Structures are given as structure tokens and as C-alpha cells.
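Worksheet: one structure, shown below.
Computed from the coordinates by the stated procedures, all read-outs in this text should not be read as laboratory data. Model, not experiment: these values are computed from the prediction. All Cβ positions, glycine included, derive from the backbone under ideal geometry; neighbour counts span all protein chains shown.
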Amino acid sequence: MHTWTWFAIAGVCAVLEILNLSLVFASFAIGAFFAAISQIFTTNTTLPWIVFAIATVLSLRLKPIVVRYIFRKTPPSDTGIAALIGHKATSTSPITDSSGTIKLKNETWTARSESGEIPTGESVTVVRIDGAVAIVVPRADF
């Protein structure tokens, strides 16, 4: 086969890989590419086929590693209300079990105390969110 034929096979396999994303055609494309490179440096007709077979098999053996890398999972992170739990806030008015406000992430929130009255200006920790009300406790700074 001619060198351009190997490159054509590599191109067709690359396009097929893009269309189905199974990483099998990518292995054939890699094998055909290396076969084309070997065809450039030799007049032997069997060497490119051997290079094609070896490169394809080796790239297929790497498939599980590549799949694990491509489809790796990012660690889950809290979003929305769950992201506010445990955050530090500052009381902007006295907080009781029935009223109060805090400054949480530059926003004013209605707050309720879970453990008695908390004076204005005190650091608090958000323990949970109940609807649109932050339930807080005094912050224990160490």
C-alpha cells in the first residue's frame, strides 16, 4: 500500500472515532498513522502491516487508562443552600429563637438562634437553613 493510503485510513478512522467516541477507531487510526510513517522509511511491504498491528494492539491496551482519565469524576461540592451550612456569619441584630438578622456572604438573612439569645456583632455559625431562615449558633473561635 502507498503511504497516502495509510494516511487516508488513519483519517477515516479518526472521523469515525469522532462520530462514535468508543476509542476503538482511534486505535486503528493510531496504527494506520504509524504504518504510514514506517512506509515512508522502508520499501518492505510487510513491515507497515506489522507496525499497524503492533501499534493498534498497544493503543487498545491503553484504552482503559484513557477511559479512566477522560471520564474521571470531580469530587462533589455543595451548592445552593447546602453550601451555606457551616459558614461564618455576623449578627446584625440581636438573634433570638423568634427573630434576628445576620450578614452571610454579603447578604442579609433572617436568622433564628438555636441556643439562646445572641447579641449584635457576634460571630455565628449557620447550622441549617429552614426555608429562608438561617438557624445559627454562637461561633466557637479557637
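Please determine whether any residue of the stretch 91-100 is part of a helix (DSSP H, G or I) and either on the phi > 0 side of the Ramachandran plot or hydrophobic (A, V, I, L, M, F, W, C) (or both). No, the stretch 91-100 contains no residue that is part of a helix (DSSP H, G or I) and either on the phi > 0 side of the Ramachandran plot or hydrophobic (A, V, I, L, M, F, W, C) (or both).
Picking from residues in the stretch 47-100 that are polar (S, T, N, Q) and under 30 Å from L21 (Cα atoms), the one that is surrounded by the most Cβ atoms within 10 Å (Cβ to Cβ) is T56.
Remark: F25 falls outside the filter, which requires a residue to be closer than 30 Å to M1 by Cβ and in contact (Cβ under 8 Å) with a residue 24 or more places away in the chain.
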